[in-house]
Amino acid sequence: DLVEEVLRLKGYDAIPPAVLPASPVAKPAIDPGQRRVVAVRRASAARGLVEAVTYSFVSRRHAALFGGGADALVLANPISADLDTMRPTPLPALVAAMKRNRDRGQVEGALFEVGPAYGENGAEAQTVIAAALRAGMSGPRHWNEKPRPVDAFDAKADAIAAIAACGIPADQLQAAAGNAGAANWYHPGRSGTLSLGMKPVLAQFGEVHPAVLAAFDLKGPLVACEVFLDRLPPAKTKASKARPQFAASDLPAVERD
């Protein structure tokens, strides 16, 4: 207040002009990998899938059905006897959630989850997988279109939509039959994989294997897909010739009417 009074008496025009120092623009708070997770969640929800948030550990018996259950991934002090092993993929938890819904009268359903999966090498083998699951009919009863049982092509469409949301052109994806690399928890004759040329498999999809359904005491059809987000190549962006004419400032503008 005292400085203000001195300046008022002396005159504000007596203050020499000065240029404010340029401040660097703050870096974005999320990285490209986190942006992909958000994009996949939005794309999956737009296709009618409901997001589920499940535990990162499942029972060892269920983990073994999906290629997991190694001794290195068994918890020493689990919170429950049925949650004693780190999950190899989000699918076991989604299938268990579908089982609970079926037991409560919800026959049809469509769930998805984007979360971590764990291999045998501990933290180095942790990956991010976008998994989706559909059960029952393709939709509710409608006078214009008769619902049909879900099939492997519904799961394939979910996988393609998730990959396309990450900026990868869907028309460049190559599909192969299940015997070309799909996991053994899918039906061998009703499953497939998606890849880009000779690169690693980006996604796998298909009907859930009957042995898995029997282990969960579920009746089909049940279709699923898994998209390995860590394997997706970075999205190609076109180079722009436009150059910024000024640097953005961290200081907001002050306007007076």
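Contact map, the stretch 44-55: residues that are of a type in the set (Phe, Trp, Tyr) paired with residues that are open to solvent by 90 Å² or more (accessible area, probe 1.4 Å), Cβ distance under 9 Å, separation 6+ or inter-chain. Pairs shown: Tyr55/Ile79.
For the structure I just gave you, tell me whether Ala175 is among the aliphatic types (A, V, I, L, M), open to solvent by 30 Å² or more (accessible area, probe 1.4 Å), touching a strand residue (DSSP E or B) at 6+ places or on another chain (Cβ under 9 Å) and at pLDDT below 90.
Details: among the aliphatic types (A, V, I, L, M): yes; open to solvent by 30 Å² or more (accessible area, probe 1.4 Å): yes; touching a strand residue (DSSP E or B) at 6+ places or on another chain (Cβ under 9 Å): yes; at pLDDT below 90: yes.
Yes.
Scanning the stretch 83-109 for residues that are in contact (Cβ under 8 Å) with a residue 24 or more places away in the chain and open to solvent by 20 Å² or more (accessible area, probe 1.4 Å) turns up Leu83, Asp84, Met86, Pro88, Ala96, Lys99, Arg102, Val107, Glu108, Gly109. Among the residues of the stretch 138-171, those identified as over 21 Å from the mean Cα position of the chain (by Cα), surrounded by fewer than 21 Cβ atoms within 10 Å (Cβ to Cβ) and within 23 Å of Val227 (Cα to Cα) are Ser138, Pro149, Asp151.
The values are calculated or read from the model by the stated rules, or taken from the named source; none is laboratory data. Please read these numbers as outputs of a predicted model, since none were measured by experiment. With ideal geometry, Cβ positions are generated from the backbone for all residues, glycine too; neighbour counts draw on all protein chains shown. Keep in mind that these areas ignore ligands, DNA and RNA; they rest on the heavy atoms of the full protein, side chains included. Shrake-Rupley method; radii C 1.70, N 1.55, O 1.52, S 1.80 Å.
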